[in-house]
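Computed from the coordinates by the stated procedures, all read-outs in this text should not be read as laboratory data. Because the structure is predicted, anything quoted here is derived from the model rather than measured. Reconstructed Cβ throughout: ideal geometry from the backbone, glycine too, with neighbour counts over all protein chains shown.
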Amino acid sequence: MQERSEIASRRRPFGSIGLWASIFVVFILSLVASAPASLLTPVLSAVAAPASASFDGVEGTLWHGVIRDVSIEGAHAGQVSYQFHPVALFKGSAAYGLSATGRDIFGKGIISTNWKGRISLSHARFTVALKPFGRGFKVLGAAIGGQATVDLDVLSVTAAGKCASASGSIWTDILQAPAQRFDLSAFDLEGPLKCEGEKFSLALSGDGPSGAADLSVLFSLSGGYEWTAIASPNDDNVSRALRLIGFSETSDGLQMGASGDLLGV
């Protein structure tokens, strides 16, 4: 009997720690459930400024609510709903489900962050209009247009803006405008998004009656980017036009590339 009482007494501190931890979690959850969403306004304002984003206020609580009239670089994301995911706390992170219903950006996903400052977007699918983000840029001599759909299992960025993990894919019809310019049938581009070292890697490809194209992009949110495009048109007139805008002949086809500072773009 004495041995059992000694064992029980040794277990009590751990039981007390678990009890106090549970009380603390319940306390935090009750705060989140009742605290007004207006507490998010300073945080959202600080995040929005460097991203050229804006919003028209927040409604609800910290647990769930709506961010009104959101836009990013002039692209309309509309009402962005958010929902707190309490289970993530037990994994050492804070997570919210997001849903956007704008005319330029719409979709849903889960955004989370941990104590190291890593930000992740997971179980996400968003469709984005490209024109608002491409002002002043051209694709094969035509103004950027069309849209892109991003499907993500996960995309994680470190506090320094480097790729921590990425698994997903991107589809786009960005070649629609250039195809119209050359009076050709367009084709879509799609491919995987992943990490390559500490940078994000995107490899898109597609083909159709008018030819084929490949686009490889390597970038870091904290630094530079580089891209390479390879085109294999079936029309000699298109080949000549591509050479005029900077493509050069290689063994793989007509090739063009560039690199620079992503922050500058």
**Prompt:** In whole Hz, what ³J(HN,Hα) sequence does the range 191-208 give by Karplus (6.51, -1.76, 1.60; θ = phi - 60°), x for Gly and Pro?
**Reply:** x, x, 10, 8, 8, 10, x, 9, 10, 8, 10, 10, 10, 10, 8, x, 7, x
**Largest-first principal axis extents of the Cα set of the range 97-148 (Å)** = 45, 25, 14
**Request:** Determine which lysines satisfy two conditions relative to Lys131: a Cα distance under 26 Å, and not lying fewer than 8 residues away in the same chain.
**Result:** Lys108, Lys194, Lys199
**Prompt:** Per-residue HN-Hα couplings for the range 54-63, Karplus 6.51 cos²θ - 1.76 cosθ + 1.60 at θ = phi - 60°, whole Hz, x for Gly and Pro?
**Reply:** 8, 8, 10, x, 10, 10, x, 10, 5, 6
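Please compute the volume of the convex hull spanned by the alpha-carbon atoms of the range 136-265 and report it per residue in Å³.
Values: hull volume 14.2 nm³, N = 130.
Measuring per residue, one finds 109 Å³ for the Cα hull of the range 136-265.
Of the chymotrypsin sites (Phe, Trp or Tyr not before Pro) in the range 116-159, which ones lie in a loop per DSSP and count no more than 16 other C-beta atoms within 10 Å? If you can, show how the numbers build up before the last one.
Numbers: sites: Phe126, Phe133, Phe137; in loops: Phe137.
In loop regions of the range 116-159 (DSSP not H, G, I, E or B), the sparsely surrounded chymotrypsin sites (Phe, Trp or Tyr not before Pro) are Phe137.
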**Asked** Does the range 190-247 classify as rounded, prolate or oblate by the C-alpha gyration tensor (a ≥ b ≥ c root eigenvalues; a/c under 1.5 gives rounded; else a/b over b/c gives prolate, otherwise oblate)?
**Response** oblate
**Asked** Between Glu73 and Asp261, how many nm apart are label points set 7 Å from Cα along the C-beta direction?
**Response** 1.8 nm
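Over the range 178-265, what is the mean sequence separation of C-alpha contacts under 8 Å (at least six apart), divided by residue count, expressed as relative contact order in percent?
Working: 159 pairs, mean separation 19.1, N = 88.
Normalised by residue count, the contact order of the range 178-265 is 22 percent.
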**Relative contact order computed over the range 98-218 (Cα-Cα under 8 Å; 6+ residues apart), in percent** = 16 percent
